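Since every read-out is calculated from the coordinates, none of them should be taken as a lab result. Everything quoted here is computed from the prediction, not taken from an experiment. Neighbour counts run over all protein chains shown; Cβ positions are idealised from the backbone, glycine included.
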Amino acid sequence: MPFFSPLPLAFSSIVIFLMMAGLALLLQNRQTFLVNMAFFLSTVSCGIGLYAGFEAVASGSMQTMIMPIGLPDLPFYIRVDALSGFFLSLASLTGLMVSIYSFDYVKGILSARKATKLVVFYCLFMAGMLLVLISDDAYFFMSSWELMALSSFFLVSFEDESAENRRAAFLYILIAHIGAVMILLSFGILAGFAAGFENFMGYRFSAMRSAEPGMLWASIAFFLAFFGFASKAGVVPLHVWLPEAHPAAPSNISALMSAVMLKIAIYGILRVCMDIIGVQVWWWGGVVLVIGLITAVMGILYALMQVDIKRVLAYSSVEHVGIITVGIGLSMIFTSFELRMLAALALTAALYHCLSHSVFKSLLFMAAGSVLHSTGERNMERLGGLIHKLPWTSALFLVGALSIAAMPLFGGFVSEWLTFQAFLLSPVLPNALLKILFPLGAALLALTAALSARCFVKVFAVTFLGQRRAVPTTETHEAGMSMRLAMSIAAISSLALGLFPSFVIDWIDTVPQSLVKGRIASSAGAFGWMWLTPISAERASYSAPIVFIGIFAAVAVAWLAFHGKKAATRRSATWDCGFEKMTPRMQYNSTSFAMPLRRIFGFLFVVSESVRTSHAQPGSAPRIRYSLRIEDRLWYVFYKPFSDAAYYLAKQANRLQHGRMQIYLLYSFITLITLLVFA
Amino acid sequence: MTNSSSSIIVECLQVATVVFLAPLFTGWVRLLKCRAQARTSAGLLQPYRDIYKLFFKEVALAENASWIFRFTPYMVFGATVMAGAIIPVISTRAPLSATADIIALVAIFALARFFSALAGMDAGTAFGGMGSSREMMVASLAEPAMLMSVFTISLVNRSTSLSQMTHVIVNSPIMLRPSLAFALLAFALIAIAETGRIPVDNPATHLELTMIHEAMCLEFSGRHLALIEWAKGIKLLLFASLGIALFAPWGMATGGTLQSLVISYVTLTAKLAVIGVAIVLIETRLAKMRIFRVPEFLGAAFLLATLGMLSYFMLE
């Protein structure tokens with residue numbers, strides 16, 4: 001195997017990360033040097049990974065290797081194919097941007113605390129995610145999965161002095177492990193049916209692929225794996241950890257978790273559910289589709305209600321995971337009916353969305369990090385008017401907001417457009433129920449897209465436009481050079497994904513080819529690189545470059561014709577309707593902006609709203625306090641009963657404990673006797 | 001995707017028509033409305049005079065306004081003009097029509113709205129935010145209904161490409177399809193919401209409790225306001241033309257011959273005149289509804305579109 005081929009390169013990228021994690025411990029006393037070196041190596045290593053992944057997808061070839069480490073007789077199997085190559089390049093691209101961003105960002109927190117822990121777990125986290133992608137057996141996969149989960153646990157609890165962050169980290173690790181257990185059980189079923197339950201030989205993925213567990217056990221394995229991975233991806237109702245954990249972590253880590261780790265979970269769904277188990281009946285895909293739709297709608301509705309900028313982004317990640325899951329569900333349904341081309345279309349849409357979501361979500365998290373970095377605020381109700389102080393961050397955030405709101409010309413639009421096209425082709429399905437339900441799904445997706453636009457109008461406008469709502473506590477300054485560079489790369493990538501979709505589709509075409517045995521690149525690019533015609537030109541076509549040129553030309557003509565010096569421009573105070581001078585508090589804020597939707601969709605939340613009026617002194621104007629609490633209804637349905645039950649059981653079990661040595665000795669004695677009697 | 005020079009001329013002609021005749025259509029609607037309400041009208045050409053006057057007036061910017069506020073009018077105008085190049089207005093074979101299908105077209109309007117909503121929040125006043133919030137609410141509820149309507153139409157035409165959809169209807173015999181009838185009703189309700197007409201929004205009001213679109217654009221002045229008003233006029237014309245293209249394109253030119261273009265212009269003018277009458281009838285007969293009734297209004301549009309889809313599966 002030549003060294004400059006995907007597998008060795010991916011492997012060396014991982015080795016660099018692992019080495020750096022070890023080296024960081026030796027450099028504890030030279031923090032600035034440590035940060036520079038770690039993120040330089042990380043950038044290089046991500047560059048290598050990006051090349052490896054790009055090559056693996058472009059060539060569509062598969063490379064395998066056996067590593068004689070691990071337990072005796074259970075070596076690690078490694079494999080890089082188009083699917084893992086795609087996610088490898090996605091992870092490396094995001095890693096590259098976040099690593100560049102981290103130079104200045106991490107130096108900014110050095111004054112407050114040491115960064116050694118951050119660097120060590122950052123490297124382990126990246127290594128863990130990349131290892132998941134190249135592993136080809138259940139044992140190696142689960143080890144890598146755990147490396148990823150545990151290192152991110154320490155990253156979430158990095159600022160561990162706050163009880164809130166510790167709680168978030170605990171919730172995260174708890175749900176991560178429930179998911180891991182489900183994945184493990186699924187592997188157990190598959191390995192058992194592949195090579196019998198008496199030996200370990202079924203642990204390789206290649207053996208599992210040939211397993212024939214029958215309908216019932218296949219369904220169980222499928223859904224165990226799906227929900228296991230879904231818990232990591234943040235699919236409703238397993239999403240509760242996500243809006244807690246992502247804001248708690250430092251912003252560069254939030255970017256990685258949201259943009260990459262969730263995609264690793266999506267990779268898991270594709271690898272295990274579609275590749276290893278394979279879709280056998282349509283209702284599997286149907287369940288996935290419905291869950292995806294619920295996730296998308298609930299995610300964006302929750303996002304709309306938030307006032308913490310990082311929580312909004314976290315909830316919107318839930319939404320986008322939902323959209324990706326919808327694409328996967330569609331692809332599964334089409335696969336089960338042997339509609340290969342449509343399956344490829346839906347899968348391409350899902351993969352495209354993975355890629356563009358990684359880019360724009362990391363951009364938004366990085367920009368939110370810059371806001372946090374320069375103002376010390378995460379609460380949008382205390383922000384506003386930052387566009388004057390942070391011109392770079394605000395312009396780059398705007399690109400991210402336009403992309404995430406699925407505006408044409410930007411990254412998010414192409415994938416949503418492709419998903420809609422896949423939905424609109426549903427009348428070819430032979431099942432009457434699906435024919436009627438699909439359009440309703442498409443309508444829900446349209447609702448999601450529109451709400452997403454609304455949500456990011458709110459986030460951008462409340463944070464960056466208008467006037468600052470609270471008196472700044474620190475001096476507001478623009479983000480550092482490396483942060484601006486990283487965000488600019490992300491913004492340009494997002495625009496490129498929006499403007500040149502046919503190149504990207506041509507590149508990722510090998511993935512659907514290997515996974516669903518269908519492809520769309522030949523029809524999607526049939527009219528040259530400017531045109532996107534997923535099925536045929538008569539069906540639908542979209543040309544992002546021409547639309548871009550058209551809008552640009554129209555704007556330019558309007559500008560040249562009317563922006564002349566025919567009339568003066570004057571700055572003046574806004575009209576206050578003749579009342580007293582307006583204060584920044586009179587502006588619409590995040591809560592008031594979302595109010596109409598809270599009223600329409602309020603039944604989905606637990607909303608407690610109260611207005612208290614108190615008279616400080618007789619005759620003076622009354623003081624009015626307004627308080628609003630919005631809670632996740634699903635928490636009360638899916639989690640509260642279980643946590644209450646667990647607490648109750650623990651309390652009962654607690655009765656065994658008295659703190660007296662004699663009683664514990666008695667327990668041991670009784671246990672021994674019992675064992676002797678029954679042994 | 002043809003590149004012959006005649007189709008390029010048709011395309012230019014279409015964009016010019018849309019851009020320069022839009023104020024006329026607005027004037028027509030206002031004129032009819034004045035007559036219907038027994039008022040004296042300012043004349044058919046008043047919108048032109050308004051826009052012309054505004055271009056020479058001073059721009060008063062809020063102290064706080066950023067570049068977003070100054071860029072928005074151009075962006076809104078540019079996106080709307082681009083939409084005008086995509087929708088088949090005088091010919092089914094306009095070359096730019098293939099650059100975006102109806103889903104992308106809706107997204108182009110959404111892009112313009114995104115910037116308007118940002119500009120509404122930019123001045124830092126309560127009105128602008130109120131307008132933005134309400135406008136985005138109406139839009140987010142209109143979107144699913146719009147998609148459902150599009151879905152139903154695309155079932156009949158097996159396409160979402162605008163020129164192809166129009167082409168199919170032009171070349172098929174005139175017949176009543178229940179699915180299209182439902183879709184048309186749904187589309188009409190959505191168009192009322194999207195263009196901000198009564199009963200969803202009142203384009204003539206400046207009363208704080210009832211404004212939606214106007215509140216968002218309240219801070220614009222001078223040439224900025226001119227562009228916003230002009231774009232609004234174009235949008236009204238475009239939604240009317242979109243309705244014509246999707247449901248009643250008969251008479252529209254399918255090639256680039258002079259004769260067919262003349263017929264196309266004549267039929268277009270007649271259809272627009274009728275649509276103007278319809279708008280005025282609705283606006284004089286109905287009162288503006290409460291803002292929290294709008295979800296029900298758009299819910300009705302959604303249900304109508306769904307019925308259209310079901311009737312396609314059952315009857316056609």
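Normalized C-alpha radius of gyration of segment B:1-149, against 2.2 N^0.38 Å? Show your work: numbers first, answer last.
On the way: Rg = 18.3 Å, N = 149, 2.2 N^0.38 = 14.7 Å.
Rg over 2.2 N^0.38 Å, computed on Cα atoms: 1.24.
Could you work out, for segment A:334-402, what percent of all Cα-Cα pairs fall into each 10 Å distance bin, beginning at 0 Å and stopping at the bin that holds the largest distance?
P(r) for segment A:334-402, in whole percents per bin: 18, 35, 17, 15, 11, 3.
Could you state the number of Å between the C-alpha centres of segment A:246-281 and segment A:110-189?
When both Cα centres are located, 13 Å separates them.
How much of the calculated P(r) for the protein assembly as shown lies past 40 Å, in percent of all Cα pairs? Present the calculation step by step, with values, prior to reporting the outcome.
On the way: 214349 of 494515 pairs.
Cα-Cα pairs of the protein assembly as shown separated by over 40 Å account for 43 percent.
Could you give me the radius of gyration and the Dmax of segment A:279-558, taking only the C-alpha atoms into account and expressing both in angstrom?
Cα radius of gyration and Dmax of segment A:279-558 are 19.7, 63 Å respectively.
Would you tally the net charge around A:Glu159, using a Cβ to Cβ cut-off of less than 10 Å, leaving A:Glu159 out, and scoring K and R as +1, D and E as -1? Could the numbers behind the result be given before it?
Working: positive: A:Arg113, A:Arg166; negative: A:Asp160, A:Glu161, A:Glu164.
For residues surrounding A:Glu159, the net value is -1.
Over segment A:604-678, how many percent of alpha carbon pairs lie in each 10 Å bin up to the one with the longest distance?
With 10 Å bins starting at 0, P(r) equals 14, 18, 17, 16, 14, 11, 6, 3, 0.
Which of the three applies to segment B:251-316, rounded, prolate or oblate, going by the alpha-carbon gyration tensor with a ≥ b ≥ c and a/c under 1.5 meaning rounded?
Values: a/c = 3.78, a/b = 1.48, b/c = 2.56.
Because a/c hits 1.5 or more and a/b fails to exceed b/c, segment B:251-316 counts as oblate.
Give me the one-decimal nm value for the distance between modelled label points at A:Ala645 and B:Thr257, 7 Å along each residue's Cα-to-Cβ direction.
According to this spin-label approximation, the distance is 7.7 nm.
Tell me the net charge near A:Gly412. Cut-off is 13 Å between Cβ atoms, A:Gly412 excluded, with +1 for each Lys or Arg and -1 for each Asp or Glu. Present the calculation step by step, with values, prior to reporting the outcome.
On the way: positive: A:Lys361; negative: A:Glu319, A:Glu416.
My count for the surroundings of A:Gly412 gives -1.
So how far apart, in nm, are the two label points at A:Lys581 and A:Met1 if each is 7 Å from Cα heading toward Cβ?
Those two pseudo-labels are separated by 7.0 nm.
Using R₀ = 22 Å, calculate the FRET efficiency as 1/(1 + (r/R₀)^6) where r is the Cβ-Cβ separation of B:Glu63 and A:Trp559; round to 0.05. Mind dumping the intermediate values first?
Numbers: r = 23 Å, r/R0 = 1.06.
The calculated FRET efficiency here is 0.40.
Can you give the net charge of the other residues whose Cβ lies under 12 Å from the Cβ of A:Lys232, counting K and R as +1 and D and E as -1? Could the numbers behind the result be given before it?
Details: positive: A:Lys263; negative: A:Glu146.
Taking every other residue near A:Lys232 into account, the sum is 0.
Take the Cβ-Cβ distance between A:Leu18 and A:Glu164 as r, set R0 to 30 Å, and report the resulting FRET efficiency rounded to the nearest 0.05.
Details: r = 32 Å, r/R0 = 1.06.
After rounding, the FRET efficiency stands at 0.40.
For B:79-92, what's the mean count of beta carbons from other chains sitting within 10 Å of each residue's beta carbon? Could you put the intermediate results ahead of the total?
Details: counts 8, 2, 7, 11, 4, 2, 6, 2, 0, 0, 0, 0, 0, 0.
Mean shielding by partner chains, rounded to a whole number: 3.
Less than 17 Å apart at the alpha-carbon level, and either on another chain or at least 8 residues along: which lysines does that give for B:Lys288?
B:Lys33
List the equivalent ellipsoid semi-axes of segment B:162-316 in whole Å, largest first, each obtained as the square root of 5λ for an eigenvalue λ of the Cα gyration tensor.
Values: eigenvalues 183, 106, 29 Å².
Taking √(5λ) for each Cα gyration eigenvalue gives 30, 23, 12 Å.
Between B:Phe71 and A:Leu110, how many nm apart are label points set 7 Å from Cα along the C-beta direction?
3.4 nm
Can you pick out the pairs among A:Lys114/A:Lys232; A:Lys458/B:Lys57; A:Lys263/A:Lys517; A:Lys361/B:Lys235 whose Cα atoms lie more than 24 Å from each other? Walk me through the intermediate numbers first.
Values: A:Lys114/A:Lys232 29 Å; A:Lys458/B:Lys57 31 Å; A:Lys263/A:Lys517 22 Å; A:Lys361/B:Lys235 32 Å.
Long pairs (Cα-Cα over 24 Å): A:Lys114/A:Lys232; A:Lys458/B:Lys57; A:Lys361/B:Lys235.
For segment A:241-370, what is the Kirkwood hydrodynamic radius in Å, using each pair of distinct C-alpha atoms?
Working: mean 1/r = 0.0670 Å⁻¹.
Here the Kirkwood hydrodynamic radius works out to 14.9 Å.
Have a look at segment B:5-315 and give its Rg and Dmax from the Cα atoms, expressed in angstrom.
That works out to 19.1, 60 Å for Rg and Dmax.
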